[in-house]
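Below you'll find the structure, written out as structure tokens, and then a few comments.
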Amino acid sequence: MYKHQSPAMADSKTLLENCLYFTANALARTITRLAEEAFAPVGLSPSQAFLLMLALESPGITPTELASRLHLAPSTVSRLADGLVRRTLLERRSQGKAAHFHPTAQGKDMSASIAAAWKSLHRRYSDVLGEDTGTDLTRVIHQSCQILDQS
């Protein structure tokens, strides 16, 4: 909403275009569609690919650490990990009450295709937005999330 307009005076188009909630969700839907298209050849959702990438980077990572790093609910992490375990890309190992995730050999073999999909996604939005705009937008969104999470 523009500074000089009251909510009652603004039309719905103006309200939506100037509302962080609606514009952030619209951006999320658009970038999700692009990411799903980029990861379709890999056969993983972007979230599954990121979870597997974290397990490749940190074998033995816990569900709690994954939830924190992915900004997802623990139940969502469990669902994503269960899918990767069923596909034999990830292995769940228990140590007492704690679970730890390790990539399998098949999961390790997917590393290059996952990296290629991330590069494809980056290239696609950078071609549209411009490299600098994409980088700046990512930085501002990340910083804004951190600030809002602390409030």
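Quick notes on this structure:
- These residues, Thr76, Thr64, go from largest to smallest accessible area, 1.4 Å probe, as Thr64, Thr76.
- Computed accessible area, Phe101, all protein chains, 1.4 angstrom probe, square angstrom: 10
- The angle between the Cα long axis of helix 74-86 and the longest principal axis of the Cα atoms of the chain comes to about 50 degrees, rounded to the nearest 10.
- Prolate/oblate/rounded call for the range 110-151, Cα gyration tensor, a/c under 1.5 rounded: oblate
- A convex hull fitted around the alpha carbon atoms of the range 6-68 yields 110 Å³ per residue.
- Surface composition of the chain: carbon plus sulfur atoms contribute 57% of the solvent-accessible area (1.4 Å probe, protein chains only, all chains present).
- Eigenvalues of the alpha-carbon gyration tensor of the range 77-151, scaled by 5 and square-rooted, set the equivalent ellipsoid semi-axes at 32, 21, 8 angstrom, largest first.
- More than 26 Å apart - percent of Cα-Cα pairs taken over the chain: 40
- Probe 1.4 Å, accessible area per residue of the chain, Å²: 66
- Calculated FRET efficiency for the pair Ser45/Ala98, C-beta based, R₀ 25 Å, to 0.05: 0.45
- For the chain, calculated [θ]222 nm from helices alone, where every DSSP H run of n ≥ 4 adds -39500 (n - 2.57): -21500 deg cm²/dmol
The values are calculated or read from the model by the stated rules, or taken from the named source; none is laboratory data. Remember, predicted model here, so these are calculated numbers, not experimental data. In this analysis, Cβ positions are derived from the backbone assuming ideal geometry, glycine residues included, and neighbour counts consider all displayed protein chains. Note: accessible area is taken over every heavy atom of the protein model, side chains too, but ligands, DNA and RNA are not part of it. Shrake-Rupley method; radii C 1.70, N 1.55, O 1.52, S 1.80 Å.
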